[in-house]
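All remarks here apply to the structure that follows.
The values are calculated or read from the model by the stated rules, or taken from the named source; none is laboratory data. Keep in mind it's a predicted model, so treat the numbers as computed, not measured. Counting neighbours? That spans all protein chains shown, and the Cβs are built from the backbone with ideal geometry, glycine included. Side chains included, ligands, DNA and RNA excluded: accessible areas come from the protein's heavy atoms. Shrake-Rupley method; radii C 1.70, N 1.55, O 1.52, S 1.80 Å.
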Amino acid sequence: MTKKSIIIDTDPGIDDAVALAIALFSDELDVRLITTVNGNVNLEKVTYNTLRLLQFFDKEVPVAKGAEKPLIAEPVDASNVHGETGMDGYIFEEPDNSLLLDEHAVNAMYKEIMNSNEKITLVPIGPLTNIALLLKLYPEVKENINEIVLMGGSTGRGNVSVMAEFNIYADPEAAKIVFLSGLPIVMAGLDVGLKALVYPEDSELLKDMNDTGNMIYHLFKKYRGGSFNKGLKMYDSCAIAYLLKPDLFETVDTFVDIELNGELTKGTTVVDLKGYLNQESNAKVCLDINGAEFKKWFMESIKKCK
Ligand SMILES: [Ca+2]
């Protein structure tokens, strides 16, 4: 079986930590590079968290630090959801920094993509700043990118403003560049993230499952992405689930643009389900997910971790 080669662009973040665990221990994915971006918490913290996670998982994947700020927008911060460090709730060992590359994420991605024998799938699970910079600086990478499977956006309401989802809202200009890049996009946003739930009884099973399950259990106790009792939302794991089990999702090919100037709607993914804008489709948008099957897949995936 040939593994799918991916680059994960991330801002851990508790649900990022879970998505990384699943991706790193999957037999079907080859995680070539992890790049970090300002998002849930600042760049220093998300990079530190990524290195802490890799040390915990005992996985040697190069890490490159990316954008410190959005392209144009003011930075927003989600430490109210993920805690002050971005991964509160578990005591990790201090990582050594040997996996941290001495170059910017955009250059590291460029080299990895251009030197790869097979096409690379980009998996951004944070704001899209690094990906937008990559596509503008090095448009030639498009030739060797298979597709972009991202967590972000919504066909309905938002989770950071009335209409906007956090990852898109955090850097809407970057999101616009990515969606209009001409590359195939898969958008796994709130429509599925809100239904990708882990319940307290599942968390209890995770606690004694293995080291990763135990770590995740402790992070979940602090996580505010949903309520521990009503179910925690595994937003970022949806992008990984799409890579590994696309049949969990109901999708539609449609046109998506990003609202940049709306007084109340900045950062909204305008998903043109009825074709008002008369544009060719540029994205496969996930409309629904089989929540029960997702949960089953999720628990089986964590079981494969250390
Ligand atoms: Ca994230």
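Of the residues 61, 243, 180, the one whose Cα sits farthest toward the positive end of the charge dipole of the chain, with +1 on the Cβ of Lys and Arg and -1 on the Cβ of Asp and Glu, is 243. For region 70-82, backbone phi angles converted through the Karplus equation (6.51, -1.76, 1.60; θ = phi - 60°) give residue-by-residue couplings of x, 4, 10, 5, 6, x, 10, 9, 10, 5, 5, 8, 9 Hz, Gly and Pro being listed as x.
Give me the number: length gained by fully extending residue 160 to residue 142, i.e. 0.36 nm times residue separation minus the C-alpha to C-alpha distance, one decimal in nm. Can you show the working numbers first?
Working: separation 18, 0.36 × 18 = 6.48 nm, distance 3.08 nm.
Full-extension gain reported as 3.4 nm.
Annotation for residue 98 and residue 207: the two label points, set 7 Å from Cα along the Cα-Cβ direction, are 3.6 nm apart. Stretching the chain fully between residue 107 and residue 273 yields a gain of 56.2 nm (0.36 nm per residue, less the alpha carbon separation). A simple spin-label model places pseudo-atoms 7 Å from Cα toward Cβ; at residue 230 and residue 293 they are separated by 2.7 nm. Where does the Debye-calculated log10 I(q)/I(0) of the chain sit at q = 0.11, 0.12 Å⁻¹, using only Cα point scatterers of equal weight, no solvent? The calculated log intensity ratios at q = 0.11, 0.12 Å⁻¹ are -0.59, -0.71. Applying both filters, DSSP loop and at most 13 other Cβ atoms within 10 Å, to the GluC sites (Glu not before Pro) of region 236-283 gives 263, 280.
Can you pull out the chymotrypsin sites (Phe, Trp or Tyr not before Pro) in region 224-296 whose DSSP state is coil and whose Cβ has at most 11 other Cβ atoms within 10 Å?
Working: sites: 228, 235, 242, 249, 255, 276, 294; in loops: 228, 255, 276.
The qualifying sites are 276.
Computed from the C-beta positions of residue 44 and residue 91 and an R0 of 25 Å, the FRET efficiency is 0.85 to the nearest 0.05. Computed over the chain, the per-residue total of -39500 (n - 2.57) for DSSP H runs of n ≥ 4 gives a 222 nm mean residue ellipticity of -10000 deg cm²/dmol, rounded to 500.
What a 1.4 Å probe finds exposed on the chain is 47% carbon and sulfur by accessible area, rounded to a whole percent.
Phi-derived couplings, Karplus 6.51 cos²θ - 1.76 cosθ + 1.60 at θ = phi - 60°, listed residue by residue for region 187-201: 9, 9, x, 5, 3, 9, x, 6, 10, 8, 10, 10, 8, x, 5 Hz, with x used for Gly and Pro. Karplus-derived 3J(HN,Hα) values for region 275-285, using 6.51 cos²θ - 1.76 cosθ + 1.60 with θ = phi - 60°, are x, 4, 8, 6, 10, 4, 5, 10, 8, 9, 9 Hz; glycine and proline are entered as x.
Taking the Cα centroid of region 159-177 and of region 7-77, what is the distance between the two, rounded to the nearest whole Å? A separation of 19 Å, based on Cα centres.
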